[in-house]
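The values are calculated or read from the model by the stated rules, or taken from the named source; none is laboratory data. Because the structure is predicted, anything quoted here is derived from the model rather than measured. Every residue, glycine as well, gets a Cβ built from its backbone with ideal geometry; the counts of neighbours run over all protein chains shown.
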Amino acid sequence: MSGPRLISVALASAPEVPPETEQDRRVAIFDLEEHNSFALAAEPSLTPLRLTLSADRDAVTFAVADESGTPRAAFAIPRARIDAMARDYRDLCRAYASAVKSLPPARIAALDAARRALHDRAGADLQKRLAAHAILDPQTARRLFTLIATLDP
C-alpha cells in the first residue's frame with residue numbers, strides 16, 4: 001500500500017480483558033497495520049509511521065513516531081468525548097454475539113445494522129476530533145475506534 005500509513009500500532013498499556021475483547025484488539029491492530037491511511041497534519045509527507053495508544057481515566061493519547069522510532073508527535077483526546085459511544089458499541093457487540101446463538105435472523109440483522117451504524121458514526125466523530133493532528137480515512141478512523149473501545153471493557 002502506498003501513501004501515508006502506519007506500519008506499527010501498539011498499546012502502551014491496556015487493562016486485562018475477556019478473551020473475546022482481547023481477540024477484538026488483536027484483529028483491530030492487525031487490520032490497522034494491514035490497511036490504513038494515516039498522516040500527521042503537520043507533516044503529511046512523513047511516512048511510514050508508528051502509533052502507540054495509551055489511555056488513562058481522562059484521555060486517550062496518540063504517540064506517533066517515524067519509521068526509526070523517533071518521536072514526531074503526541075496528542076490526546078478527552079475520554080469523555082468517546083466513552084459513551086465506546087460503551088454503546090461494546091454493548092451492541094455483546095448483544096450481537098449473544099443474538100447469533102439464539103435469536104431469529106431478522107433480529108440478528110437488526111442488531112448488526114445498529115452496530116455498523118454506530119461504528120460508522122463513532123469513526124466519523126473520531127476522524128473529526130483528530131483532524132487538527134492527523135489525516136486519516138474513514139476506515140482507519142473506524143479501526144482506531146474499535147481499538148479504543150477495547151481499552152475500557
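Determine which member of the set 75, 62 is closer than 18 Å to residue 41 by Cβ and surrounded by fewer than 19 Cβ atoms within 10 Å (Cβ to Cβ). Quick ask: steps written out before the conclusion?
Working: 62 fails: surrounded by fewer than 19 Cβ atoms within 10 Å (Cβ to Cβ).
After ruling out the rest, the residue left standing is 75.
Residue 82: closer than 21 Å to residue 139 by Cα, in a helix (DSSP H, G or I) and either in contact (Cβ under 8 Å) with a residue 40 or more places away in the chain or in contact with a Phe, Trp or Tyr (Cβ under 8 Å, 6 or more places away or on another chain) (or both), yes or no? Walk me through it before giving the result.
Working: closer than 21 Å to residue 139 by Cα: yes; in a helix (DSSP H, G or I): yes; either in contact (Cβ under 8 Å) with a residue 40 or more places away in the chain or in contact with a Phe, Trp or Tyr (Cβ under 8 Å, 6 or more places away or on another chain) (or both): yes.
Against the criterion (closer than 21 Å to residue 139 by Cα, in a helix (DSSP H, G or I) and either in contact (Cβ under 8 Å) with a residue 40 or more places away in the chain or in contact with a Phe, Trp or Tyr (Cβ under 8 Å, 6 or more places away or on another chain) (or both)), residue 82 qualifies.
Name every residue in region 51-74 that is closer than 19 Å to residue 14 by Cβ and either in contact with a His (Cβ under 8 Å, 6 or more places away or on another chain) or without any contact (Cβ under 8 Å) to a residue 60 or more places away in the chain (or both), in order of residue number. Can you show your working first?
Restricting attention to region 51-74, the residues satisfying the condition of being closer than 19 Å to residue 14 by Cβ are 51-65, 74.
Selection gives 51, 52, 54, 56, 57, 58, 59, 61, 62, 63, 65, 74.
Picking from 24, 31, which residue would you name as being modelled with pLDDT of 90 or more, within 25 Å of residue 134 (Cβ to Cβ) and part of a helix (DSSP H, G or I)?
Numbers: 24 fails: modelled with pLDDT of 90 or more.
Among 24, 31, only 31 is modelled with pLDDT of 90 or more, within 25 Å of residue 134 (Cβ to Cβ) and part of a helix (DSSP H, G or I).
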Which condition from (1) in contact (Cβ under 8 Å) with a residue 24 or more places away in the chain; (2) in contact with a Gly (Cβ under 6 Å, 6 or more places away or on another chain) is the one that residue 150 breaks?
(2)
Cβ-Cβ under 8 Å pairs, at least 6 apart or on other chains, region 128-145 side farther than 14 Å from residue 82 by Cα, far side modelled with pLDDT of 95 or more and of a type in the set (Ser, Thr, Tyr):
135/37; 136/37; 137/37; 139/37; 140/37
Using beta carbons and a limit of 6 Å, which pairs, at least six apart or on different chains, have the first residue in region 106-122 and of a type in the set (Val, Ile, Thr) and the second one surrounded by 14 or more Cβ atoms within 10 Å (Cβ to Cβ) and assigned to a helix (DSSP H, G or I)?
108/99
Region 112-153, residues that are closer than 16 Å to residue 28 by Cβ, more than 11 Å from the chain's Cα centre (by Cα) and surrounded by 22 or more Cβ atoms within 10 Å (Cβ to Cβ)
136
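Here is a yes/no grid of residues against (1) in contact with a Ser or Thr (Cβ under 8 Å, 6 or more places away or on another chain); (2) closer than 17 Å to residue 152 by Cβ:
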residue	(1), (2)
10	yes, no
17	yes, yes
23	no, yes
29	no, yes
43	no, no
46	no, no
53	yes, yes
56	no, yes
